[in-house]
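In what follows, a single structure is set out as structure tokens and then discussed.
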Amino acid sequence: MMRQRRGRVGTAGQRSWRCALLAALFTALLGACSLQGYHSGTLNEQAGFIARGVSQHQGPVRVTAAVPDAGETRALTGLDLYQQGIQPLWLQVQNNSEHTLRLALASIDPDYFSPIEVAYMNRSRFSAQGYHDMEAWFNRHGMVRSIAPGERRSGLVFTHLTPGTKAFNLDIYASQRAWNFTFFVPLPGFTADYRVVNLDVLYAPAAMQTFDEAGLQRWLEQGAACCATGPDGAGDGGPLNVAVVGTPLAVRRALFRGGWRETQADSADTRQARQHHFQGRAPDTIFLLERGDSNERLQLHLWRAPWNVSGEPGWIGQVVYRRLQSGRVLPGLEEWLGSRGQLSLFAKESVEADVDTAHRFLMQNLWYNQSLKAAGFVGGVGVSDANAPRTTFDGFPYVTEGFRAVLFLSEQPVAMDRTRLLYAPEGWRPEEGRP
Amino acid sequence: MRRWAWLVTCLLLGAPLLVQAQAQSQPNPWTPGEAVPPPNDRLHRQQQGNLVLTSAVASAAEAEAVFGADLYQRNIQPVWLQVENRGSRTLILTPYGLDPAYFSPRESAQRLRGNAAAGGGVSSTAFERRAINRLQVPAGTTLSGYVFTRVDEGTKSFNVDVVGDGEPYLMTFVVPVPGLQLDHHQVDLSSIYQADDWQDVDLPGLVAALEQMPCCVRDAAGVDKGDPLNLAFVGDVADLYYAFLRAGWDETETIYAASLWKTAKSAVAGGRYRYSPVSALYVFGRPQDVAFQRARGSINERNHFRLWLTPLRHKGKPVWLGQISRDIGVHLTWRTVTTHKIDPDVDETREYLLENLAYAQAVSAFGYVGGVGPAPYNAPRGNLTGDPYFTDGRRLLFWISREQTAIDDIEVLDLAPYSSQVLH
């Protein structure tokens with residue numbers, strides 16, 4: 001009896017399954033009828049985005065780079081590539097040398113997309129002819145890798161999308177020689193925070209000091225405040241655990257090489273960070289380093305400092321970890337931390353509280369990306385112990401052994417073994433709590 | 001890179017120096033300043049001047065025994081290091097060299113307990129006590145503890161960089177980790193050819209011999225022509241192995257039911273499974289001697305290549321023939337249920353490998369020879385799964401070197417004078 005009942009139920013189930021299958025087939029058929037042909041825009045040197053291009057030359061090699069924004073990319077390729085995390089980059093290379101030049105596309109983005117790969121990812125919307133046309137368009141417009149003497153070639157490279165200014169390196173090489181370029185191509189609609197700050201008028205000329213390395217150490221250990229403040233100029237804004245020496249270009253190059261990204265002054269993403277003040281103002285620039293495989297990011301808040309070292313501008317800053325949830329800094333954390341009993345636990349356990357690990361990571365990140373002329377650690381922050389942690393105005397307890405990382409940056413790559421160690425690393429003893 | 005000529009690179013692949021650790025029957029309290037014991041007795045030790053470095057990679061089970069949580073499941077592989085500074089100056093150890101995305105001890109703990117700031121049995125304090133928390137190793141001291149890296153199954157390849165006394169050290173460790181069976185471990189490369197099979201060739205002879213080799217891979221029946229053999233390498237097996245690992249390639253796993261299941265799951269869910277197996281393709285009547293793959297975003301975005309040892313030797317180094325493809329998607333076939341759609345622009349993929357190995361500083365020279373035969377975009381050839389491909393017909397010949405070569409030192413060789421074919 002039971003078996004029969006099951007049998008009947010099974011049959012009815014099969015019938016409805018068949019109906020569903022037929023319906024699905026019908027829908028698929030309808031869908032097939034609506035498949036499209038492929039329509040691209042035209043790519044020529046009159047294109048609007050190419051007018052915004054940036055050119056550089058080194059010896060006999062001239063390179064122009066331009067980046068279409070999301071809308072321009074849609075008009076050009078017929079596809080919403082930005083939405084897929086893909087950003088085309090247009091390159092034009094003029095070879096006035098006597099060698100055949102080779103472009104290392106991997107220097108721009110080691111995981112770039114090949115042209116036909118981008119077409120294939122978007123195949124589902126198109127009819128067979130439509131896909132054929134699209135593949136041919138992408139194949140035709142991909143940038144070549146080899147450029148004969150006297151030739152000028154241009155084409156597209158499909159990179160991973162980065163918000164804001166497109167910053168990238170490009171290595172061009174021939175037998176036993178190479179030309180290394182670094183480009184910053186601005187995108188319309190994005191203004192990095194440092195572009196709205198006039199660094200020249202922040203301090204009166206009389207207020208600017210000039211240091212040598214020893215003078216810098218004295219200022220950092222005795223002259224400078226331990227910490228940033230809250231937005232009202234009072235309270236603990238967290239330790240100033242980084243000092244940087246380098247031109248604005250060196251700072252940007254170094255951070256871009258290390259994978260950091262710039263931010264906009266009005267971004268919701270950095271609203272909380274902008275509450276942290278030094279000498280009465282929000283950070284002059286904030287850079288973020290997202291971790292691909294984790295739920296944290298590193299935040300670097302930098303302020304132009306009232307001093308130069310050997311003619312190079314100085315910067316004071318803080319680097320911290322912040323945890324993320326769905327791409328945003330964890331909401332509600334400050335409220336949760338409001339209860340005093342949680343503070344010590346948070347100081348002992350949380351990633352955010354560990355500010356020393358953050359500046360050690362930053363130092364290595366810049367070192368390995370060949371941006372570091374010299375580096376060392378000095379005091380000046382003072383100890384904050386996990387059992388009685390200092391707490392920022394916005395409720396983050398932190399622990400630190402009290403040191404600042406001092407980083408001298410270079411505009412040109414510095415081999416790792418050429419980095420000078422400052423401030424007697426022999427003296428960095430564990431018992432003294434050196435980092 | 002010439003700048004790094006002073007660096008010590010010591011590959012432990014052939015003969016790892018195993019040091020028996022002292023048995024640790026009682027758990028150590030790991031109070032700060034005390035030595036942290038290794039997770040196993042598979043220790044690898046290297047000495048350079050006044051620096052003695054010992055490392056051990058914890059397997060999944062060993063990591064769980066040490067930390068009381070499944071670290072591998074959260075993509076954390078703890079590497080134990082002991083740095084002994086016998087010199088008179090402070091040395092700086094940079095964990096970044098092991099893995100530029102290494103996890104801090106607190107990040108590791110947090111990954112294991114989810115997003116809650118507290119709760120779960122995992123404590124940051126316990127991770128910090130076992131971790132290397134400093135960059136500096138003062139003169140005459142020993143520092144030991146864990147660095148939390150991302151998981152490499154099969155073989156863990158990592159660098160340990162130490163600087164600070166005017167002469168930096170860079171040591172490379174290649175350490176097998178239990179848990180994954182790999183192609184090359186099953187193939188005895190020394191028994192493929194008899195002593196009198198080997199042919200020593202000069203450069204013109206090498207070009208001529210490579211141009212006579214098969215254009216393409218075949219299937220098991222030896223009938224169909226497949227993807228083009230567009231790579232050739234000159235180099236010892238250890239040099240090749242070192243170069244590919246440094247460039248981020250992973251070995252492949254032998255095909256087992258479990259890994260097929262993992263591949264299918266990964267293809268459907270878009271998850272990351274870096275070690276999914278590749279199918280066997282045939283040259284010289286045998287399947288590939290070794291295969292590597294390099295994961296990108298997901299399984300649908302991977303590159304893989306296969307290598308076969310040839311009976312050629314050039315200046316004492318063996319010569320290899322290879323095939324590379326870029327997966328750009330998965331599609332269904334009747335033969336293998338699912339297969340990877342490869343990028344029909346196989347030359348693009350070939351050049352990708354050149355750059356990839358060049359940035360690993362492993363290529364001392366390269367040039368092009370014929371042998372594949374051109375197939376233009378408008379008249380493509382088909383591979384074994386019916387996918388079309390087009391090519392200029394050239395084979396890229398690499399000289400792989402252990403000595404690091406910067407991109408501005410790579411020699412680009414014009415091999416056209418030795419070629420019997422018209423190369424474009």
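The values are calculated or read from the model by the stated rules, or taken from the named source; none is laboratory data. Fair warning: this is a prediction, and the values are worked out from it, not measured in the lab. So basically every Cβ, Gly included, is an ideal-geometry build from the backbone, and we count neighbours across all protein chains shown. Surface accessibility is based on the protein's heavy atoms, side chains included, excluding ligands, DNA and RNA. Shrake-Rupley method; radii C 1.70, N 1.55, O 1.52, S 1.80 Å.
Of all the criteria given as (1) within 11 Å of chain A (Cβ to nearest Cβ); (2) at pLDDT 90 or above, the one not satisfied by B:Ala139 is (2).
Exactly one residue among A:Ala265, A:Ala273, A:Ala305 is small (Gly, Ala, Ser) and out of contact with any Ser or Thr (no Cβ under 9 Å at 6 or more places or on another chain), and that residue is A:Ala305.
The condition (being modelled with pLDDT of 85 or more and of a type in the set (Lys, Arg)) is satisfied by just one residue among A:Arg5, A:Arg62, A:Arg15: A:Arg62. Restricting the stretch B:75-116 to residues that are within 9 Å of chain A (Cβ to nearest Cβ) and among the β-branched types (Val, Ile, Thr), which is farthest from B:Arg246 (Cα to Cα)? Step by step, filter the stretch B:75-116, then rank; the result is B:Thr90.
When the stretch B:81-94 is examined, which residues are found to be touching a strand residue (DSSP E or B) at 6+ places or on another chain (Cβ under 9 Å) and either open to solvent by 10 Å² or more (accessible area, probe 1.4 Å) or among the hydroxyl-bearing types (Ser, Thr, Tyr) (or both)? Correct list: B:Gln82, B:Glu84, B:Arg86, B:Gly87, B:Thr90, B:Thr94. For the stretch A:118-135, name all the residues that are without any contact (Cβ under 8 Å) to a residue 12 or more places away in the chain and at the interface with chain B (Cβ under 9 Å from one of its Cβ atoms). Passing the criteria: only A:Arg123. Find all pairs meeting these conditions: Cβ atoms under 8 angstrom apart; at least six residues apart or on different chains; first residue within the stretch A:37-57 and assigned by TED's automatic domain parsing to the domain that holds A:Ala70; second residue polar (S, T, N, Q) and assigned to a helix (DSSP H, G or I). Between residues of the stretch A:37-57 that are assigned by TED's automatic domain parsing to the domain that holds A:Ala70 and residues that are polar (S, T, N, Q) and assigned to a helix (DSSP H, G or I), there is no close pair.
Here A:Ala167 fulfils each of the conditions (1) surrounded by fewer than 16 Cβ atoms within 10 Å (Cβ to Cβ); (2) touching a Phe, Trp or Tyr at 6+ places or on another chain (Cβ under 9 Å); (3) outside the structural domain of A:Trp303 (by TED's automatic domain parsing) apart from (1). Within the stretch B:408-424, the set of residues being within 27 Å of the chain's Cα centre (by Cα) and open to solvent by less than 20 Å² (accessible area, probe 1.4 Å) comprises just one member, B:Ile410. Determine whether A:Thr247 is more than 30 Å from A:Val93 (Cβ to Cβ) and open to solvent by 30 Å² or more (accessible area, probe 1.4 Å). Judged against the criteria, A:Thr247 is not a match. Counted as qualifying within the stretch A:297-405 are the helices (runs of 4 or more DSSP H) with 3 or more residues that are within 14 Å of A:Asn241 (Cα to Cα) and modelled with pLDDT under 95, namely A:355-368. Given the stretch A:177-271, what strands (runs of 3 or more DSSP E) lie entirely inside it while holding 1 or more residues that are in contact with a Leu (Cβ under 7 Å, 6 or more places away or on another chain)? The strands (runs of 3 or more DSSP E) meeting that bar are A:177-185, A:242-245. Contact annotation: residue pairs with Cβ atoms under 6 Å, 6 or more positions apart or on different chains, pairing a residue in the stretch B:396-415 that is within 10 Å of another protein chain (Cβ to nearest Cβ) with a partner that is open to solvent by 50 Å² or more (accessible area, probe 1.4 Å), are B:Asp408/A:Arg177; B:Asp409/A:Gln176; B:Glu411/A:Gln176. Only a single criterion out of (1) closer than 22 Å to A:Arg62 by Cα; (2) more than 14 Å from chain B (Cβ to nearest Cβ); (3) without any contact (Cβ under 8 Å) to a residue 60 or more places away in the chain is not satisfied by A:Gln92, namely (3). May I ask you to list pairs of residues, at least six apart or on different chains, whose Cβ atoms are under 6 Å apart, with the first in the stretch B:51-68 being in contact (Cβ under 8 Å) with a residue 12 or more places away in the chain and the second being surrounded by 17 or more Cβ atoms within 10 Å (Cβ to Cβ) and of a type in the set (Ser, Thr, Tyr)? Listed by first residue and then by second, the contacts come to B:Leu51/B:Tyr169; B:Ala60/B:Tyr72. The condition of being within 14 Å of chain B (Cβ to nearest Cβ) and either open to solvent by 10 Å² or more (accessible area, probe 1.4 Å) or farther than 15 Å from A:Tyr321 by Cα (or both) holds for only one of A:Glu296, A:Glu290, that being A:Glu290. When you look at A:Pro435, is it touching a helix residue (DSSP H, G or I) at 6+ places or on another chain (Cβ under 6 Å), facing chain B (nearest Cβ under 10 Å) and modelled with pLDDT under 90, yes or no? When the stated conditions are applied, A:Pro435 passes them.
How many residues, within the stretch B:117-132, are out of contact with any Gly (no Cβ under 9 Å at 6 or more places or on another chain) and at pLDDT below 80? Residues meeting the conditions: 3. Pairing each residue of the stretch A:136-150 that is within 9 Å of chain B (Cβ to nearest Cβ) with any residue that is of a type outside the set (A, V, I, L, M) and open to solvent by 40 Å² or more (accessible area, probe 1.4 Å), provided the two are 6+ apart or on different chains, yields C-beta distances under 7 Å for A:Asn139/B:Tyr377; A:Ser146/A:Thr100. The conditions of being surrounded by fewer than 19 Cβ atoms within 10 Å (Cβ to Cβ) and among the aliphatic types (A, V, I, L, M) are met by A:Ala70. Do we have B:Gly154 as open to solvent by less than 50 Å² (accessible area, probe 1.4 Å), more than 14 Å from chain A (Cβ to nearest Cβ) and modelled with pLDDT under 70 here? Judged against the criteria, B:Gly154 is a match.
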